[in-house]
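Written out below as structure tokens is the structure these notes cover.
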């Protein structure tokens with residue numbers, strides 16, 4: 001394979017990373033943040049619902065008519081389970097944000113700069129080597145003509 005072909009392939013890889021992969025990763029980060037925001041909204045609505053069920057359960061526990069206290073106790077147990085689930089969900093959301101989105105976003109920005117820098121360095125080195133080769137080839141050609 002010719003040097004120019006290899007250079008074009010390597011440059012194409014750099015461009016592919018910068019033009020396709022990184023924008024795709026940024027889109028994933030943006031979608032992840034929107035997803036996180038939606039889940040926080042759903043969690044807030046869920047808390048309101050659980051609070052309403054808890055209030056109903058407390059009122060039922062204080063009731064004097066038949067079976068009302070049992071229903072209230074059952075509702076309070078349901079509320080307790082819901083709250084445990086909500087706590088787990090919030091821990092998962094925090095982990096999703098802290099352990100996935102933030103590092104991905106941070107590393108993507110750093111990696112973009114590194115890839116751009118490496119691409120520029122690669123092209124500069126190729127240009128220098130190509131120029132050196134061209135000069136050497138021209139010198140050899142001149143030497144052959146002199147003989």
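Derivation of every value follows stated rules applied to the coordinates shown; laboratory data play no part. Just so it is clear, the model here is predicted, and its values are computed rather than measured. Glycine also receives a Cβ, built like all others from the backbone with ideal geometry; neighbour counts cover every protein chain displayed.
Within the stretch 94-105, the set of residues being surrounded by 14 or more Cβ atoms within 10 Å (Cβ to Cβ) and either farther than 18 Å from residue 38 by Cβ or in contact with a strand residue (DSSP E or B) (Cβ under 9 Å, 6 or more places away or on another chain) (or both) comprises 104, 105.
Here is a yes/no grid of residues against (1) exposed (fewer than 12 other Cβ atoms within 10 Å of the Cβ); (2) touching a residue at least 40 places away in the same chain (Cβ under 8 Å); (3) in contact with a strand residue (DSSP E or B) (Cβ under 6 Å, 6 or more places away or on another chain); (4) not in a helix (DSSP H, G or I):
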| position | (1), (2), (3), (4) |
| --- | --- |
| 47 | no, no, no, no |
| 50 | no, no, no, no |
| 59 | no, no, no, no |
| 65 | yes, no, no, yes |
| 73 | no, no, no, no |
| 77 | yes, no, no, no |
| 84 | yes, no, no, no |
| 92 | yes, no, no, no |
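Being in a helix (DSSP H, G or I), within 30 Å of residue 126 (Cα to Cα) and either touching a residue at least 12 places away in the same chain (Cβ under 8 Å) or under 29 Å from the mean Cα position of the chain (by Cα) (or both) is a property that residue 22 has.
In the set 39, 6, which member is under 29 Å from residue 101 (Cα atoms) and either surrounded by 11 or more Cβ atoms within 10 Å (Cβ to Cβ) or in contact with a helix residue (DSSP H, G or I) (Cβ under 8 Å, 6 or more places away or on another chain) (or both)?
39
Residues to consider are 128, 123; find the one that is in contact (Cβ under 8 Å) with a residue 12 or more places away in the chain, within 16 Å of residue 11 (Cα to Cα), out of contact with any helix residue (DSSP H, G or I) (no Cβ under 6 Å at 6 or more places or on another chain) and assigned to a helix (DSSP H, G or I).
On inspection, the qualifying residue turns out to be 123.
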